[in-house]
1. What number goes with the only condition from (1) in contact (Cβ under 8 Å) with a residue 40 or more places away in the chain; (2) over 16 Å from LEU39 (Cβ atoms); (3) among the charged types (D, E, K, R) that ARG133 does not pass?
2. Residues to consider are ARG120, ARG111, ARG101; find the one that is out of contact with any Asp or Glu (no Cβ under 8 Å at 6 or more places or on another chain) and either modelled with pLDDT of 95 or more or not in a helix (DSSP H, G or I) (or both).
3. Within segment 47-60, can you find the residues that are surrounded by 14 or more Cβ atoms within 10 Å (Cβ to Cβ) and either over 16 Å from ILE130 (Cβ atoms) or among the aliphatic types (A, V, I, L, M) (or both)?
4. If you take the residues in segment 104-151 that are surrounded by fewer than 18 Cβ atoms within 10 Å (Cβ to Cβ) and of a type in the set (Ser, Thr, Tyr), which one is farthest from the chain's Cα centre (by Cα)?
5. Kindly provide the set of residues from segment 93-123 that are of a type in the set (A, V, I, L, M, F, W, C) and more than 16 Å from GLY47 (Cα to Cα), ordered by number.
6. Filter segment 123-142 for residues that are of a type in the set (A, V, I, L, M, F, W, C) and in a strand (DSSP E or B); which is nearest to GLU94 (Cα to Cα)?
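The values are calculated or read from the model by the stated rules, or taken from the named source; none is laboratory data. A quick note: this is a predicted structure, and the numbers were derived from the prediction, not measured. FYI the Cβ positions are ideal-geometry reconstructions off the backbone, even for glycines, and counts take in every protein chain you see.
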Amino acid sequence: MADAIEMASGETTSAATERSSDRARAPIATPRPTKRLALLSFGFKFGPPPTNYYFDVSFLKNPARDDRWDLFARVTPAMREFVLDQPNCRRFIEATVPLLRVLLECDGDVRVGFGCNAGRHRSAILVEEIARRLESDDVAIKVIHREESWL
């Protein structure tokens, strides 16, 4: 092998080569997800959302109409259970999650809104549950509650 050449830094070329090959053997960082999904809860009475798609989830029973809560009640575990335990809610989520996966295969940047009258309860609960079900997928999920001041 040829003699090592001393570089201006005082380091020899063989030492620099050794350090460089150490970097080449370093583990490669895990790539970040390239697909993005924004899930937005909103209230129809405040206007449509800036999304590619949106669903009206007003078909679900409104917890604000139940004696346990009012229109301005914060989401609680009991309210979450009230919404998610509805058979129509379970069917909707079971149909929507696979649909979102198909949309993500077709488009790497998907924004989907879920709306009810005020965007405080049903849509917010659904967005959180759908995000939870997709969190293990290779996708960057952003949850936005547009009417957050009410939550």
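1. For ARG133, the failing item is (2).
2. On the way: ARG120 fails: out of contact with any Asp or Glu (no Cβ under 8 Å at 6 or more places or on another chain); ARG101 fails: out of contact with any Asp or Glu (no Cβ under 8 Å at 6 or more places or on another chain).
Result: ARG111 is the single residue among ARG120, ARG111, ARG101 that is out of contact with any Asp or Glu (no Cβ under 8 Å at 6 or more places or on another chain) and either modelled with pLDDT of 95 or more or not in a helix (DSSP H, G or I) (or both).
3. VAL57, LEU60
4. For segment 104-151, the residue satisfying everything is SER149.
5. ILE93, ALA95, VAL97, LEU99, LEU100, VAL102, LEU103, LEU104, CYS106, VAL110
6. Per the stated criteria, the residue is ILE141.
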